[in-house]
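Note sheet for the following structure.
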Amino acid sequence: MNDTDAALAPAPEHVRSDGAVLRRALLAEIDPRTLYLLVTLRQDVFAMEQGATDADLDGRDLESTTTLMWIEVPSPAATSCGLEREPVAHLRILPGEDRAAGILRIGRVAVRADHRRGGLGRRLMRAALEHIEEKAPATEVHIDAQAYLEQWYASMGFETVSEMFMEAGIEHVAMVRRPARA
């Protein structure tokens, strides 16, 4: 990694002994190679693996208030791109559809298949929730959870607020995490 690369890399949030790094950044702060790997991760999970019928790239990543978070690990794929680490888990935090309501939404939660069941998804979600609590403690957090993950999200304080519905050809439920009462 050269000096220019170091300047483009968002500062790590936490580095674990296994080399996994948690990062958080706005789109404009992300090295194009890392962004390419993030988009590839989402494509692999949503389009290729899950067969989502809607386009992943919806323009919301471009909004100035959208925060991307990811966990990256050392890998040969990263090295071939001239990077130290490759994203293997990702999510985004963005304003809800009614921006005036002060609601934030977490979406596009994706963990690469060969890194599931190792706690990266939970680590990433907890980091996102901590970030939201720090920046906007009175904010509700909304998600459209894939239905098979409903209990997993419930274990992090989300409650189901809808019947099952289809989104991108995949069963989902709307869930909300309300702020802690003072």
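The values are calculated or read from the model by the stated rules, or taken from the named source; none is laboratory data. Keep in mind that what you see is a predicted model, and the values were worked out from it rather than measured. Cβ sites come from the backbone with ideal geometry, for glycine too, and all protein chains shown count toward neighbours. Just so you know, the surface numbers come from the protein's heavy atoms only, side chains and all, with ligands and any DNA or RNA stripped out. Shrake-Rupley method; radii C 1.70, N 1.55, O 1.52, S 1.80 Å.
Structure notes:
- When M125, M166 are compared by accessible area at a 1.4 angstrom probe, the order from most to least is M166, M125.
- The residue among G119, P76, S162 whose Cα reaches farthest toward the positive pole of the charge dipole of segment 76-182, with charges on the beta-carbon of Lys, Arg, Asp and Glu, is P76.
- Qualifying GluC sites (Glu not before Pro) for segment 85-182 [loop in DSSP, other Cβ within 10 Å: at most 16]: E97, E163
- Beta bridges by DSSP in the chain, antiparallel share as percent, to the nearest 5: 90 percent
- Point-charge dipole on Cβ atoms (K/R +1, D/E -1) for the chain, about Cα centre, debye to 20: 520 debye
- Within the shell defined by Cβ-Cβ distances under 11 Å, the residues around E133 carry a net charge of +1, with Lys and Arg each +1 and Asp and Glu each -1.
- Taking the Cα centre of segment 92-178 as origin and assigning +1 to Lys and Arg Cβ atoms and -1 to Asp and Glu Cβ atoms, the resulting dipole is close to 480 debye.
- Placing unit charges on the Cβ atoms only, positive for Lys and Arg and negative for Asp and Glu, gives segment 24-130 a dipole magnitude near 420 debye about its Cα centre.
- Cα-projected label distance for A47 with E159, points at 7 Å along beta-carbon direction, nm: 3.9 nm
- Dividing the summed -39500 (n - 2.57) terms of all DSSP H runs of n ≥ 4 by the residue count of the chain sets its mean residue ellipticity at 222 nm at -6500 deg cm²/dmol.
- Amide H contacts under 5 Å for G96, placed H, 5+ residues apart: I103, L104, R105
- The label-point distance for D114 and L62, in a model that sets each label 7 Å from Cα toward Cβ, rounds to 3.3 nm.
- Which of E29, E72 is most accessible, then next, and so on - probe 1.4 Å: E29, E72
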